[in-house]
Amino acid sequence: MKNILKKILNKKKVKKKVSNVKKLKSKPKSPKINKTIKKVKSKKLNKKKTKKVEVKNEPLRISKNNEQKPEIKKIRKQETEKKQYKVKEYVVYPKHGVGQITEIKKINIGGIDVETYVLKFEKDKANGMVPVNKQIYLRPLATINQVNKCISILKGKPKIKRSMWSRRAQEYEAKISSGKIYDLAEVVRDLNKGDDLMIDQSYSERQLFEKAYDRLLSEFQIVMDTNLEDTQKKIDKALKRNLEKQIQKAQGTSSEQNLDEAVASK
């Protein structure tokens, strides 16, 4: 009997537990929990909707191999710099000597607008261009005082080094291309052979001498405002060149004048 009673009691306990579990499941959830669940669900739904909308709004892009993008060209200008020289002004360009500025114009170099000096070299019968931002390579003409100092350099004794001619030729060429008037005068003085025909002078020596001499002559002529012959006489006198010929010419002219005067008196 005891065993039967125990079994009945156990069955009743199990039924109570099952009924309690069912009640717990069937109980309505608290309002706070319900709100949070609704929020999470609404967020998920919104995300899905936005994804769908984004996919719909994105247009289809077809890549074309031959498609070319339009190039946007920007006009670049030269850096602004004040012009130091004016039109019709004479300047010295080391590589070519004395030149006159004929105009100032803009040209396009590699997509950049560049303002340039247009130079005319009468000696070489050539034209050249120098950008305004490279005008440091130009120099103004020498002054009268500088010309007088050059003449005193020409009157001095030549300084000839004992090194090989190839090395000396490079030094002379560097002095000529520097464009400095005192360096030009030194080259003319050192390579001057005067009227002594017994002294051998190579072709390269004579060429360098004439190059420096011509540049010095053209600058002296403009600075001193004299004709070519008078300028040349002044330089030759300082170098003691052609003095005998000049004396003979002077003597010849004076003798001719004396003869004319004698004939006129008769």
Quiz item: Between the DSSP loop rule and a limit of at most 13 other Cβ atoms within 10 Å, which trypsin sites (Lys or Arg not before Pro) in region 119-176 are left?
Solution: K123, K125, K159, K161, R162
Exercise. Counting residues in region 79-140 as N, plug N into 2.2 N^0.38 Å and put the Cα Rg over that result.
Key: 1.07
Practice problem: Figure the gain on full extension for E89 and E171 (residue separation times 0.36 nm, minus the Cα-Cα span) and round it to one decimal in nm. | Solution: 26.5 nm
Quiz prompt | Backbone HN-Hα couplings from phi across region 90-98 [Karplus 6.51/-1.76/1.60, Hz, Gly and Pro as x] | solution = 8, 9, 10, 9, x, 6, 10, x, 7
Quiz item: Whole-Hz Karplus ³J(HN,Hα) for region 99-106, in order, using 6.51 cos²θ - 1.76 cosθ + 1.60 and θ = phi - 60°, x for Gly and Pro?
Solution: x, 10, 7, 8, 6, 10, 9, 9
Self-check item: Of K123/K159; K125/K211; K88/K237; K86/K233; K149/K211, those spanning more than 24 Å from alpha-carbon to alpha-carbon
Solution: K123/K159; K88/K237; K86/K233
Self-check item: Order of D214, D190 under a 10 Å beta carbon neighbour criterion, fewest first
Solution: D214, D190
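Bear in mind these aren't lab numbers, they're just calculated from the coordinates by the rules spelled out. Nothing here was measured: the structure is a model prediction, and the numbers come from that model. Don't worry about glycine lacking a Cβ; one is built from the backbone with ideal geometry, like all the others, and counts go over all protein chains shown.
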